[in-house]
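The values are calculated or read from the model by the stated rules, or taken from the named source; none is laboratory data. Note that the structure is a prediction, hence the values are computed from the model and not measured. Quick reminder, even Gly has a Cβ in these numbers, built from the backbone with ideal geometry, and neighbours come from all protein chains shown. Note: accessible area is taken over every heavy atom of the protein model, side chains too, but ligands, DNA and RNA are not part of it. Shrake-Rupley method; radii C 1.70, N 1.55, O 1.52, S 1.80 Å.
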Amino acid sequence: MKRILKAFIIFVAIIGMLFLWYDQSRSFFKATNGKSITMWKRYGGTCYLVPGKYYGVTKPKDGYIETSNRSYLTLYYSNKLPNFILLRQESNYDYKAYNSIDKKYLFEDYTSNKEKYKPIIYKENAEKFSDVNKDASFLSINILEGYATDGTGKTQR
């Protein structure tokens, strides 16, 4: 009986460790301007995108984006807007942006403010998605597939 109980406890511990490993795994992506973002896909279908490298074990308190594990977002950076990260939803899944209290990063929706931000991000005669200004960069993140593409077309996993 003790042997069965011991085996059961070991089995439950292994399952718990695998769950914890899956829930705490993260991916780090870097835009061409050198700024990083952490993609933390959580069990239950929630994903957190946090500027920089985030290693916390609990949900961030502020300064993050919460979306679905099936979402697809593009993040724009510009030297003209050093504290802004512009967000563009590329899928049908909504996101919620929580700006940081210390204003280190402010998230702004690109699509609803396109007229305001397009001249800052894109070249005057831009025809392609990648025709961004020299002082701007972007990172397209496919959360479901677990990869990001930067302004040079390089895929990061």
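Relative contact order for the chain: what percent, with Cα pairs under 8 Å and sequence separation of 6 or more?
This gives 20 percent for the chain.
I'd like the per residue volume of the convex hull spanned by the Cα atoms of the range 84-157, given in cubic angstrom.
So the per-residue Cα hull volume is 124 Å³.
Within the chain, what is the longest stretch that has no chymotrypsin sites (Phe, Trp or Tyr not before Pro) placed in a DSSP loop and near at most 14 other beta-carbon atoms within 10 Å?
With a cap of 14 other Cβ atoms within 10 Å, the longest stretch comes to 56-128.
Lys and Arg at +1, Asp and Glu at -1: add these up for the other residues within a Cβ distance under 15 Å of L106 and post the number.
Local charge sum for L106: +2.
Show that you can apply the helix-only estimate: for the chain, add -39,500 (n - 2.57) for every DSSP H stretch of four or more residues, divide by all residues, and state [θ] at 222 nm to the nearest 500.
Mean residue ellipticity at 222 nm (helix-derived): -6500 deg cm²/dmol.
For the chain, which whole-number percentage of the solvent-accessible area (1.4 Å probe, protein heavy atoms only) is attributable to carbon and sulfur atoms?
Carbon-and-sulfur percentage of accessible area, whole number: 55.
According to a simple spin-label model (label point 7 Å from Cα along Cα-to-Cβ), what is the distance in nm between L5 and N125?
8.0
³J(HN,Hα) across the range 23-40 via Karplus (A = 6.51, B = -1.76, C = 1.60, θ = phi - 60°), whole Hz, x for Gly/Pro?
5, 9, 7, 9, 10, 10, 10, 10, 6, 5, 7, x, 7, 9, 9, 9, 10, 10
Expected output is a single nm value to one decimal: the length gained when fully extending between Q156 and K53, i.e. 0.36 nm times separation in residues minus the C-alpha distance. What is it?
Value of the extension gain: 35.6 nm.
Run through the range 66-134 and list the trypsin sites (Lys or Arg not before Pro) located in a DSSP loop whose Cβ has at most 11 other Cβ atoms within 10 Å.
Counting only loop positions with at most 11 other Cβ atoms within 10 Å, the trypsin sites (Lys or Arg not before Pro) in the range 66-134 are K103, K128, K134.
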